[in-house]
Amino acid sequence: MERREQAPGWRSALVAFPLTFLFACQAEPPPSPPCHARCVDGIALRSLRETMKLVYNITLQGKPVGAQDETTPCPLGGSARVFGTATSNPVQGATEVELTYELSNCAYLELDDEPDETYDMTLDGTVTQSGTLAVQPTATTALLMRSDSVTLDGSVYDPPRDFHEENCVVDVAQSGNDLSGTFCGREAGVDLGGQPNN
């Protein structure tokens, strides 16, 4: 029987293959840190703020200043209407707003590498927003957001945790990236760092 010659270096190449790579491909990601009640409320509050931001960007971004009244479908169902006034302050690089958001089963999903920035939420209710939206880095967002009743239904965090609140009263303020106040009768807050300031 003829003996086949092994290609030079073949065996050493196989042995030298980094075995750690094989194990790394099978490694489980580290578990998410615990998310307690305040963490859960913070993510739900983020979902409300970021849904309002999305609605603003879809309907009003780039529109002439003055009286506003626009309606849009939401990304995953439902709709949103925003109306009121928005005026520009070019000296400060900011927009002054007095707006009302009517959210009708408005669904929005955010999947993020950070578990505390992940949510899948449907919102129903009316929220007012007044104050300053920063347009340029020289300005700082300073807003008040209030609602006598908004319903939130969905999940927050990764792995997901169910979140359901009806008739949630909202009274929060945003200063820069800090959003805090009373949310569903509880003190809540969230750092919106890394997010644009509108």
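Against the conditions (1) under 14 Å from residue 49 (Cβ atoms); (2) of a type in the set (A, V, I, L, M); (3) not in a strand (DSSP E or B), where does residue 76 fall short? Just the number, please.
(1)
Could you please let me know if residue 88 is surrounded by fewer than 16 Cβ atoms within 10 Å (Cβ to Cβ) and at pLDDT below 95?
Working: surrounded by fewer than 16 Cβ atoms within 10 Å (Cβ to Cβ): yes; at pLDDT below 95: yes.
For residue 88, the condition - surrounded by fewer than 16 Cβ atoms within 10 Å (Cβ to Cβ) and at pLDDT below 95 - is met.
Would you mind listing the strands (runs of 3 or more DSSP E) fully within the stretch 86-198 where at least 2 residues are more than 18 Å from residue 56 (Cα to Cα) and either more than 14 Å from the chain's Cα centre (by Cα) or not charged (D, E, K, R) (or both)? Lay out the reasoning, then the answer.
Numbers: elements: 94-110, 119-134, 142-156, 161-175, 178-183, 186-191.
Hits in the stretch 86-198: 142-156, 161-175, 178-183, 186-191.
Looking only at the stretch 28-48, which residues are loosely packed, with under 15 Cβ neighbours inside 10 Å and under 20 Å from residue 190 (Cα atoms)?
Across the stretch 28-48, the qualifying residues are 32, 33, 34, 36, 37, 38.
Determine which single condition residue 51 fails, assuming it passes every other condition in (1) assigned to a strand (DSSP E or B); (2) crowded, with 17+ Cβ neighbours inside 10 Å; (3) β-branched (Val, Ile, Thr).
Checking residue 51 against (1) assigned to a strand (DSSP E or B); (2) crowded, with 17+ Cβ neighbours inside 10 Å; (3) β-branched (Val, Ile, Thr), the one that fails is (1).
Kindly indicate the residue of the stretch 61-85 that is modelled with pLDDT of 95 or more and among the hydrophobic types (A, V, I, L, M, F, W, C) and also surrounded by the fewest Cβ atoms within 10 Å (Cβ to Cβ) among those meeting that condition. Break it down into steps so the answer makes sense when it comes.
At the first step, the residues of the stretch 61-85 found to be modelled with pLDDT of 95 or more are 66-74, 76-85.
Filter again for among the hydrophobic types (A, V, I, L, M, F, W, C), leaving 67, 74, 76, 80, 82-83.
On the way: 67: 9, 74: 20, 76: 14, 80: 24, 82: 24, 83: 16.
The extreme case among them is 67.
Does residue 136 fit the bill of being in contact (Cβ under 8 Å) with a residue 40 or more places away in the chain, exposed (fewer than 14 other Cβ atoms within 10 Å of the Cβ) and not aromatic (Phe, Trp, Tyr)? Quick ask: steps written out before the conclusion?
Values: in contact (Cβ under 8 Å) with a residue 40 or more places away in the chain: yes; exposed (fewer than 14 other Cβ atoms within 10 Å of the Cβ): yes; not aromatic (Phe, Trp, Tyr): yes.
When the stated conditions are applied, residue 136 passes them.
The values are calculated or read from the model by the stated rules, or taken from the named source; none is laboratory data. Only a predicted model underlies this, so the values are computations on that prediction, with no experimental measurement involved. Note that each Cβ is placed from the backbone with ideal geometry, even for glycine, and that neighbours are counted across all protein chains shown.
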